[in-house]
1. Counting only residues that are modelled with pLDDT under 90 and among the hydrophobic types (A, V, I, L, M, F, W, C), which one in segment 61-74 is nearest to Ile172 (Cα to Cα)?
2. Among the listed residues Ala92, Ala109, which satisfies the condition of being hydrophobic (A, V, I, L, M, F, W, C) and open to solvent by 20 Å² or more (accessible area, probe 1.4 Å)?
3. Does any residue of segment 141-148 turn out to be among the aliphatic types (A, V, I, L, M), surrounded by 15 or more Cβ atoms within 10 Å (Cβ to Cβ) and more than 30 Å from Val51 (Cα to Cα)?
4. Hey, can you tell me all the residues within segment 80-115 that are within 16 Å of Leu162 (Cα to Cα) and either basic (Lys, Arg) or not in a strand (DSSP E or B) (or both)?
5. Residues to consider are Tyr165, Tyr176; find the one that is aromatic (Phe, Trp, Tyr), modelled with pLDDT under 95 and surrounded by 14 or more Cβ atoms within 10 Å (Cβ to Cβ).
6. Provide a single number: the residues in segment 46-60 that are open to solvent by 50 Å² or more (accessible area, probe 1.4 Å) and either part of a strand (DSSP E or B) or in contact with a Lys or Arg (Cβ under 9 Å, 6 or more places away or on another chain) (or both).
Amino acid sequence: MVSRIHRGLAAAAAGALLALGLAAAPATAATSAACGADGRLPRPQDHRFYVQCTAGVATVHPCPAGQVFAAVPQVCDSPDRVRPAAATAAAAGPAKLNGLLFGVKNLNATVRIADAPAGLDGVPVTFTTVGGRPLCTAVTDQFGAARCDSPARLTIPLDEILRGYRASYAGIGGIYLASSATAPVSLL
């Protein structure tokens, strides 16, 4: 019983360290299959990490803070020395206005690197009316999805809310470019 608890705590601690960029994690089976010779591979879904291949086993490692992986010469370096910042793409889905509470529900967006199918995780997304008034902010999950609800009793005019909303990702200087998307808001 004690060893099961210790294993659970150890797994949770390892996950937290990886999320903070302080530890390595096993790669997916697909990434492991790409490991031929020993060496490092780029991780296309997030350039802040790389995949270390050793004896056919792949492990994902973070680059030091503020650096990205350069496939040639297989090192982490300053983004301006590696390549131009990567383009990102944002997509937003429909949201609903709760007329009783006068708040917007299910503001949602997905942010990804433009040339990769996987989402960009752990980045903030700001939700505003298309006129620029703030609604809420959320952080993307491991799939690049962010979701939040605005506070109730908004003081924004109804016609402005019903024109839709904008989900914006500000980018990370020198690593990822900004992107945004708009989506409709309808009555609940």
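1. The selected residue is Val68.
2. Working: Ala109 fails: open to solvent by 20 Å² or more (accessible area, probe 1.4 Å).
Step by step, each of Ala92, Ala109 is checked, and only Ala92 is hydrophobic (A, V, I, L, M, F, W, C) and open to solvent by 20 Å² or more (accessible area, probe 1.4 Å).
3. Of segment 141-148, the ones among the aliphatic types (A, V, I, L, M) are 145-146.
Checking the rest, the ones that are also surrounded by 15 or more Cβ atoms within 10 Å (Cβ to Cβ) come to 145-146.
So of that shortlist, the ones also more than 30 Å from Val51 (Cα to Cα) come out as none.
Taking every residue of segment 141-148 in turn, none turns out to be among the aliphatic types (A, V, I, L, M), surrounded by 15 or more Cβ atoms within 10 Å (Cβ to Cβ) and more than 30 Å from Val51 (Cα to Cα).
4. Hits for segment 80-115 are Pro94, Lys96, Gly99, Leu100, Leu101, Phe102, Lys105, Asn106.
5. Values: Tyr165 fails: modelled with pLDDT under 95.
Unique residue meeting the criteria: Tyr176.
6. Quick first cut of segment 46-60, residues open to solvent by 50 Å² or more (accessible area, probe 1.4 Å) only: 48, 54-55, 57.
Pick out the ones that are also either part of a strand (DSSP E or B) or in contact with a Lys or Arg (Cβ under 9 Å, 6 or more places away or on another chain) (or both) and you get 54, 57.
Of the residues in segment 46-60, 2 are open to solvent by 50 Å² or more (accessible area, probe 1.4 Å) and either part of a strand (DSSP E or B) or in contact with a Lys or Arg (Cβ under 9 Å, 6 or more places away or on another chain) (or both).
Residue by residue, here is whether (1) within 30 Å of Arg40 (Cβ to Cβ); (2) free of Cβ contacts under 8 Å to residues at least 24 places away in the same chain holds:
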residue	(1), (2)
Gln67	yes, yes
Gln74	yes, no
Ser78	yes, no
Cys136	no, no
Ser150	no, no
Asp159	no, yes
Leu162	no, no
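The values are calculated or read from the model by the stated rules, or taken from the named source; none is laboratory data. For clarity, every value in this text was computed on a predicted model and none was experimentally measured. Backbone-built Cβ (ideal geometry, glycine too); neighbour counts: all protein chains shown. Note: areas computed on protein heavy atoms with side chains; ligands, DNA, RNA excluded. Shrake-Rupley method; radii C 1.70, N 1.55, O 1.52, S 1.80 Å.
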